[in-house]
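Have a look at the structure below before the remarks.
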Protein chains: 2
Amino acid sequence: MDIAFIGTGIMGRPMASHLQAAGHQLRLVSHRSPAPEELVAGGAQVAQSVSEAVSDADAVILMLPDTPDVERVLFGDESVISALRAGTLVIDMSSIDPLATKAFAGKVAAAGGRFLDAPVSGGEVGAKAASLTIMVGGSEEDYARAMPLFEKMGKNITRIGEVGSGQIAKVANQIIVALNIEAVGEALLFAAMAGADPAKVREALMGGFAASRILEVHGERMIKRTFDPGFRIALHQKDLGLALSAAKSLGLALPNTAQAAQLMSVCVAHGGAGWDHSALVKALEQMAAHEIA
Amino acid sequence: MDIAFIGTGIMGRPMASHLQAAGHQLRLVSHRSPAPEELVAGGAQVAQSVSEAVSDADAVILMLPDTPDVERVLFGDESVISALRAGTLVIDMSSIDPLATKAFAGKVAAAGGRFLDAPVSGGEVGAKAASLTIMVGGSEEDYARAMPLFEKMGKNITRIGEVGSGQIAKVANQIIVALNIEAVGEALLFAAMAGADPAKVREALMGGFAASRILEVHGERMIKRTFDPGFRIALHQKDLGLALSAAKSLGLALPNTAQAAQLMSVCVAHGGAGWDHSALVKALEQMAAHEIA
């Protein structure tokens with residue numbers, strides 16, 4: 001398939017490379033930063049604008065930082081929409097605002113294109129290993145068409161429902177992950193300050209209702225003080241921002257998500273934008289003037 | 001072993017019955033409420049006071065509602081302490097304040113007794129099935145002595161550390177369970193209100209970092225609206241109270257635990273003291289004037 005791949009950063013680059021290795025023809029854009037050498041060496045064509053890259057493509061994949069980036073690439077000057085052919089499949093794999101996504105999909109459809117939102121979780125490790133979790137919103141038909149591409153990039157691939165629901169699931173995921181990290185932070189810091197061994201407590205709790213992937217993986221990081229990312233606090237902060245702004249539009253209060261976002265701001269205030277998100281516990285430690293270990 | 005078992009309520013009754021079935025001689029007290037018939041029929045002796053029940057016992061097991069109950073039975077009139085023989089093992093399986101526990105253990109030791117705190121999780125179902133998780137604080141020697149008793153009542157049995165650390169682990173457990181329930185509530189209500197199918201979202205998220213026992217069990221309860229306990233909000237509210245008062249003594253802020261406790265008060269305000277703790281989501285729904293399903 002002829003694929004315009006827009007956004008070959010830390011995540012997009014290995015994802016694009018898996019598609020290339022599977023025999024797909026990549027079209028990249030170099031006007032903001034040079035196209036990755038290994039993709040060009042592998043046969044990727046380099047265009048000077050998004051519209052040029054998109055004009056002959058069967059599918060367009062976006063892997064961009066945030067909602068305004070996706071909006072600019074889709075609808076700005078020399079953008080996707082200006083070069084879209086009837087039936088071209090636009091797959092937005094960025095993690096962006098679910099409500100904006102529905103509006104974007106409507107405009108792409110009005111221009112004759114097809115749209116899927118397909119945000120991922122699993123981070124750089126998952127992107128490199130082609131083991132990403134992919135949460136998809138869009139029609140059954142478009143989902144089936146994109147599946148051969150998804151299968152080259154991820155493992156746990158689910159169609160949640162109509163357009164926008166992939167982004168909704170991703171936001172829900174980021175809410176739970178942040179709040180489970182915060183929960184483990186409160187519990188282990190409590191245990192340590194009350195005089196118990198947090199490692200023993202974690203071990204005992206893994207056998208019961210407190211068990212979670214976060215207690216397992218991030219609980220261990222808190223105890224061993226290994227706060228290299230992983231997933232950066234600044235990125236998770238962005239995701240909680242999406243949750244809170246969408247929730248506000250919906251008339252929904254997310255009290256603990258709001259609290260966790262504030263604790264991330266505490267981390268950022270102490271130089272932690274680049275810490276792993278498990279370092280959220282440091283905000284609690286900062287307030288208590290005490291550390292788990 | 002000759003065991004004074006104080007507190008044969010919903011939890012204590014099946015626990016005592018497992019000990020009796022294993023051949024232990026039970027001594028019960030009837031002065032507050034009659035001793036359970038099936039235990040008396042099984043050969044339990046019934047005393048008129050705690051001190052009478054304790055006077056010839058090798059071990060004393062307490063399974064009482066809250067810290068003041070344990071304090072009264074240990075140190076009040078005709079109490080455990082007044083009848084304690086040298087070396088008698090006092091095992092407090094109630095869920096109470098970890099800091100008070102350390103003080104109680106000190107007073108029992110000063111009177112010549114031995115002390116273990118051994119709170120449980122698993123609820124009435126776990127008590128009946130003898131599959132409770134038991135978190136133990138106390139010396140290795142006392143732990144070894146009590147193990148044959150614990151093994152008749154539970155499955156996942158861990159010595160966390162010195163006296164008080166069983167209660168610390170239990171509090172940590174209740175913090176995580178409450179906050180993971182709240183997290184799943186925020187995420188699934190967000191998903192439903194944003195227009196996605198919360199059941200599909202739950203399913204997709206179970207494969208990644210958001211996976212937890214709570215997402216699995218309580219997430220399903222929220223979607224299916226099955227809010228019969230299980231574990232009552234009023235009891236979990238008591239446990240969060242223990243967390244918050246101990247944390248205050250320690251100089252520790254638990255912002256999301258405090259928030260979750262407030263949401264439990266919202267449930268209680270709406271008649272929910274007896275709802276299952278997964279119904280915590282109803283407080284979020286109440287605020288949003290919207291339900292997951």
| query | Can you tell me which residue in region A:93-129 is farthest from the other protein chains (Cβ to nearest Cβ), limited to those that are among the aliphatic types (A, V, I, L, M), within 15 Å of A:MET11 (Cβ to Cβ) and open to solvent by 20 Å² or more (accessible area, probe 1.4 Å)? | reply | A:ALA129
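Among the candidates B:ALA279, B:ALA283, B:ALA288, single out the residue that is within 12 Å of chain A (Cβ to nearest Cβ), surrounded by 24 or more Cβ atoms within 10 Å (Cβ to Cβ) and in contact (Cβ under 8 Å) with a residue 12 or more places away in the chain. Give the steps one after another, and end with the answer.
On the way: B:ALA279 fails: within 12 Å of chain A (Cβ to nearest Cβ); B:ALA288 fails: surrounded by 24 or more Cβ atoms within 10 Å (Cβ to Cβ).
Going through B:ALA279, B:ALA283, B:ALA288 in turn, the sole match is B:ALA283.
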| field | region B:254-275, residues that are farther than 13 Å from B:ILE175 by Cβ and of a type in the set (Gly, Ala, Ser) | value | B:SER265, B:ALA269, B:GLY271, B:GLY272, B:ALA273, B:GLY274
| task | Please work out which residue is most open to solvent (accessible area, probe 1.4 Å), limiting yourself to region B:65-92 and to residues that are in contact with a strand residue (DSSP E or B) (Cβ under 7 Å, 6 or more places away or on another chain) and not acidic (Asp, Glu). | result | B:GLY87
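Please tell me if A:HIS24 is over 20 Å from A:SER95 (Cα atoms) and in contact (Cβ under 8 Å) with a residue 60 or more places away in the chain. Let's see the steps before the verdict.
Numbers: over 20 Å from A:SER95 (Cα atoms): yes; in contact (Cβ under 8 Å) with a residue 60 or more places away in the chain: yes.
When the stated conditions are applied, A:HIS24 passes them.
Taking B:ILE61 as the residue in question, decide whether it is among the aliphatic types (A, V, I, L, M) and buried (at least 22 other Cβ atoms within 10 Å of the Cβ).
Numbers: among the aliphatic types (A, V, I, L, M): yes; buried (at least 22 other Cβ atoms within 10 Å of the Cβ): yes.
Yes.
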| query | Would region A:263-271 turn up any residue that is small (Gly, Ala, Ser) and open to solvent by less than 20 Å² (accessible area, probe 1.4 Å)? | reply | no
| Do any residues in region B:221-242 that are within 29 Å of B:GLU203 (Cα to Cα) have Cβ atoms under 7 Å from those of residues that are open to solvent by 50 Å² or more (accessible area, probe 1.4 Å) and among the small types (Gly, Ala, Ser), where the two are at least six apart or on different chains, and which pairs are they? | B:ILE223/B:ALA293; B:ARG225/B:ALA293
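Considering only residues that are aliphatic (A, V, I, L, M) and over 21 Å from A:VAL136 (Cβ atoms), which ones fall in region A:55-100? Walk me through it before giving the result.
So the first thing to find is which residues in region A:55-100 are aliphatic (A, V, I, L, M), and the list is A:57, A:59-64, A:70, A:73-74, A:80-81, A:83-84, A:86, A:89-91, A:93, A:96, A:99-100.
Scanning region A:55-100 gives A:ILE81, A:ALA83, A:ALA86.
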| query | Name the pairs: first residue in region B:1-17 and buried (at least 19 other Cβ atoms within 10 Å of the Cβ), second residue among the charged types (D, E, K, R) and part of a strand (DSSP E or B), Cβ to Cβ under 6 Å, at least 6 apart or on different chains? | reply | B:ALA4/B:ARG27
| query | For region B:215-237, what are the residues that are closer than 19 Å to B:VAL171 by Cα and within 14 Å of chain A (Cβ to nearest Cβ)? | reply | B:GLY230, B:PHE231, B:LEU235, B:HIS236
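Looking at A:GLU203, A:GLU216, can you tell me which residue is in a helix (DSSP H, G or I) and either farther than 30 Å from A:PRO65 by Cβ or open to solvent by less than 10 Å² (accessible area, probe 1.4 Å) (or both)?
Values: A:GLU216 fails: either farther than 30 Å from A:PRO65 by Cβ or open to solvent by less than 10 Å² (accessible area, probe 1.4 Å) (or both).
Only one candidate qualifies: A:GLU203.
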| field | Search result, residues across region B:164-200 that are open to solvent by 10 Å² or more (accessible area, probe 1.4 Å) and more than 7 Å from chain A (Cβ to nearest Cβ) | value | B:LYS170, B:GLN174, B:ALA192, B:PRO198, B:ALA199
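For region A:121-140, give me the residue count where each residue is under 23 Å from A:GLY106 (Cβ atoms) and touching a residue at least 24 places away in the same chain (Cβ under 8 Å).
Initial filter on region A:121-140 (under 23 Å from A:GLY106 (Cβ atoms)): A:134-140.
Add one more test, that the residue is touching a residue at least 24 places away in the same chain (Cβ under 8 Å), and what stays is A:134-139.
The total comes to 6.
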| In region B:21-34, is there at least one residue being in contact with a helix residue (DSSP H, G or I) (Cβ under 8 Å, 6 or more places away or on another chain), small (Gly, Ala, Ser), outside any strand (DSSP E or B) and within 27 Å of B:SER165 (Cβ to Cβ)? | yes
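The values are calculated or read from the model by the stated rules, or taken from the named source; none is laboratory data. Worth saying up front: this structure is predicted, and the values here are computed from it rather than measured. Glycine also receives a Cβ, built like all others from the backbone with ideal geometry; neighbour counts cover every protein chain displayed. All accessible areas refer to the heavy atoms of the entire protein, side chains included, with ligands and DNA or RNA removed. Shrake-Rupley method; radii C 1.70, N 1.55, O 1.52, S 1.80 Å.
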